[in-house]
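Below is one structure, written out as structure tokens; the observations come after it.
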């Protein structure tokens, strides 16, 4: 049985895709709790917007799929271009230059940790407890 993945999309975010991609690249592959703390301390507008999408994905996982978010990782975080607003900026001699105010669709997908890592973590936990008991004696 494959592990379920949960998706959240923030559409029409008012930030350029290039700026949002800087943040999404940073959190891809991280555990959810670590990704949230990285986003909270990243001083970029994109970090705030990606954080909203990630928190929404976590809420979807907990409420709709009854999954534990602490055991999940960010499998994919992408920022794709949305529509661009065309505006004009006044220039010299009564002319105008076009300006594109870009929008982004931010999609965050979270899923369970790969099975190999999860098995290794479960095997390591009992070994640590046994070692701690031996040292206490």
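Throughout, read-outs are computed from the coordinates displayed, never taken from laboratory work. For clarity, every value in this text was computed on a predicted model and none was experimentally measured. Positions of Cβ are generated from backbone atoms using ideal geometry, with glycine treated the same way; all protein chains shown enter the neighbour counts.
Here is how the numbers come out for the structure above:
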{"quantity": "Efficiency of FRET between residue 68 and residue 11 - r from beta-carbon atoms, R0 25 angstrom, step 0.05", "calculated": "0.35"}
{"quantity": "Relative contact order (%) - criterion: Cα under 8 Å, at least six apart; region: segment 27-119", "calculated": "31"}
{"quantity": "Residues 106, 99 arranged by fewest to most Cβ contacts within 10 Å", "calculated": "99, 106"}
{"quantity": "Stretch gain in nm, segment residue 3-residue 99, where the contour uses 0.36 nm per residue and the Cα spacing is subtracted", "calculated": "30.1 nm"}
{"quantity": "Stretch gain in nm, segment residue 80-residue 33, where the contour uses 0.36 nm per residue and the Cα spacing is subtracted", "calculated": "14.5 nm"}
{"quantity": "Relative pair counts by distance (%), Cα atoms of segment 61-119, 5 Å bins", "calculated": "4, 13, 13, 13, 10, 9, 8, 7, 6, 5, 5, 4, 1, 0"}
